[in-house]
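The structure appears below as structure tokens.
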Amino acid sequence: MASSDPALVGFIIKIIPSANISDEWVQSDWASLRVVENLVDVLIAKNLIMFMDLPNGA
């Protein structure tokens, strides 16, 4: 999902009304989130963790 996706932008604005999507901090958070998501995908693919090991909210 692109950081400019309208659904994502709408969600961010809904939960953080003062968020400016072009804000450097928001862009940094999205980049960090992508890194964590990719890391979890790799760990699951290599059977180092299982999806069931993650908390229910994940």
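Every read-out reported here was derived from the displayed coordinates using simple, explicitly stated rules and does not represent laboratory data. Keep in mind that this is a model prediction, so the values were computed, not measured. Cβ: placed from backbone, ideal geometry, glycine included. Neighbour counts: every protein chain shown.
Here are a few things to note about the model shown:
- Spin-label pair residue 44-residue 16: with each label point 7 Å from Cα along the Cα-Cβ axis, the two points sit 2.4 nm from one another.
- Spin-label model, residue 7/residue 26: points 7 Å from Cα along the beta carbon direction are separated by 1.9 nm.
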